[in-house]
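Enquirer: Before I ask anything, here is the structure I am working with.
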Amino acid sequence: MKKLLYIMLCLSLFSCVDEEEYSDNSSGNFEALWKIMDEHYCFFDYKAKEYGLDWNEVHERYRRQVDADMGEAQLFEVLTNMLSELRDGHVNIFTTFNTGREWSWKEDYPSNFSDSLQRVYLGTDYRMASGLKYRIMDDNIGYVYVGSFSGAMSGSSLDDMISYLAPCNGLIIDVRNNGGGQITSAEELAARFTNDELLVGYMQHKTGKGHSDFSKMEEQKLKPSKGIRWQKRVVVLTNRSVYSAANEFVKYMRCCPNVTVVGDKTGGGAGMPFSSELPNGWSIRFSACPMYDRNRQPTEFGIEPDIYVNMESSDFPKGLDTIIETARATLK
């Protein structure tokens, strides 16, 4: 509850900001977008350090591409390209004809996931509840696929799942290709894997318009669930398409006992998103509240696995998922 109130406070600080008025033309919309990001985006200092981002230089470079005669499609392209300089999958422009996005966090990397191979492991008699698909594999290892955190996690469904999988010698939780959703759902699932309250990270919110204007770091705590909890070894499977709330889930699980992360580095997405609007009515979304791991390090660009594994093309004809097989070997 404390964390929920903190997030609400974070977002309320932005909802009452008085934005400067700009004209509804190409130049006005460009300047409005640049200014909104300049005052409220939360990763400028971090990204300046990581890859030399200079937001003022970005302004000058893209301002020269804007003119009064350009159409909506041209303006959309310029604005999307400008925002892509932030390398942030939580930054988007939403229009009636397209959505501006920057997905290099997953598009520039191997997928390390196959629907066809997953069907081999899940079969057709898997159980399904609260968006989770699970079964007991033939080596007595449980397999759970979590494709999204967009829906609420039912406590009774999680109790049923853990009770069903209880005879297993170990558990694989596969969050590959999980693009996120509700952080509360990620917490609800992670809370089934600890018996103690854990410090899992930190969070800040913007306190002013400067790039470095933030509150002090507030602790993120993961409390053990009051429902049935898993007590044996766990392997979490990751790839570059693990993002946002799923990235947070991996962060939580790395703090839990008996957990190993296997696969590729996650995609990241460690900023709590916030929405605003341009003079022409286009909606924009951007990262507003930064989150960190328990060592106060940003996870915006992803979380490293404990065991790096890529899917091998030679395993595919055999019906084998290299990452799942590595997880099974790890648990054995």
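Enquirer: With respect to GLY302, is the statement that it is assigned to a loop (DSSP other than H, G, I, E, B), of a type in the set (Gly, Ala, Ser) and surrounded by 14 or more Cβ atoms within 10 Å (Cβ to Cβ) true?
Expert: So GLY302 fits the description; yes.
Enquirer: Kindly indicate whether ARG87 is among the charged types (D, E, K, R), part of a loop (DSSP other than H, G, I, E, B), modelled with pLDDT of 95 or more and open to solvent by 50 Å² or more (accessible area, probe 1.4 Å).
Expert: Yes.
Enquirer: Further question: For the range 213-251, what are the residues that are of a type in the set (D, E, K, R), surrounded by fewer than 23 Cβ atoms within 10 Å (Cβ to Cβ) and within 21 Å of ASN195 (Cα to Cα)?
Expert: GLU219, LYS221, LYS223, LYS226, ARG229, LYS232, ARG233
Enquirer: What do you reckon, is ALA166 at negative phi, surrounded by fewer than 16 Cβ atoms within 10 Å (Cβ to Cβ) and at pLDDT 95 or above?
Expert: Yes: the conditions hold for ALA166.
Enquirer: Suppose we filter PHE249, PHE274, PHE286 for residues that are in contact (Cβ under 8 Å) with a residue 12 or more places away in the chain, in contact with a Lys or Arg (Cβ under 8 Å, 6 or more places away or on another chain) and not in a loop (DSSP other than H, G, I, E, B); which single one remains?
Expert: Numbers: PHE249 fails: in contact with a Lys or Arg (Cβ under 8 Å, 6 or more places away or on another chain); PHE286 fails: in contact with a Lys or Arg (Cβ under 8 Å, 6 or more places away or on another chain).
Of PHE249, PHE274, PHE286, the one residue that is in contact (Cβ under 8 Å) with a residue 12 or more places away in the chain, in contact with a Lys or Arg (Cβ under 8 Å, 6 or more places away or on another chain) and not in a loop (DSSP other than H, G, I, E, B) is PHE274.
Enquirer: Is it the case that the range 69-86 has a residue that's farther than 19 Å from ASP24 by Cα, over 23 Å from the mean Cα position of the chain (by Cα) and polar (S, T, N, Q)?
Expert: No, there is no match, as no residue in the range 69-86 is farther than 19 Å from ASP24 by Cα, over 23 Å from the mean Cα position of the chain (by Cα) and polar (S, T, N, Q).
Enquirer: Can you tell me which of (1) touching a Pro at 6+ places or on another chain (Cβ under 9 Å); (2) assigned to a strand (DSSP E or B); (3) crowded, with 21+ Cβ neighbours inside 10 Å; (4) of a type in the set (Val, Ile, Thr) is the one THR260 doesn't meet?
Expert: So THR260 meets the others, but not (3).
Enquirer: Is at least one residue of the range 315-324 open to solvent by less than 60 Å² (accessible area, probe 1.4 Å), touching a Phe, Trp or Tyr at 6+ places or on another chain (Cβ under 9 Å) and either among the hydrophobic types (A, V, I, L, M, F, W, C) or under 18 Å from TYR243 (Cα atoms) (or both)?
Expert: Checked the range 315-324: at least one residue is open to solvent by less than 60 Å² (accessible area, probe 1.4 Å), touching a Phe, Trp or Tyr at 6+ places or on another chain (Cβ under 9 Å) and either among the hydrophobic types (A, V, I, L, M, F, W, C) or under 18 Å from TYR243 (Cα atoms) (or both).
Enquirer: Sticking with this structure for a sec: Looking only at the range 1-38, which residues are within 15 Å of HIS59 (Cβ to Cβ), in a helix (DSSP H, G or I) and either open to solvent by 20 Å² or more (accessible area, probe 1.4 Å) or modelled with pLDDT under 95 (or both)?
Expert: Of everything in the range 1-38, those that are within 15 Å of HIS59 (Cβ to Cβ), in a helix (DSSP H, G or I) and either open to solvent by 20 Å² or more (accessible area, probe 1.4 Å) or modelled with pLDDT under 95 (or both) turn out to be SER27, GLU31, TRP34, LYS35, ASP38.
The values are calculated or read from the model by the stated rules, or taken from the named source; none is laboratory data. Keep in mind the model is a prediction, meaning the values are calculated, not measured. Note: ideal-geometry Cβ built from the backbone for every residue, glycine included; neighbour counts use all protein chains shown. Please note that ligands, DNA and RNA were not included when accessible areas were found on the heavy atoms of the full protein model with its side chains. Shrake-Rupley method; radii C 1.70, N 1.55, O 1.52, S 1.80 Å.
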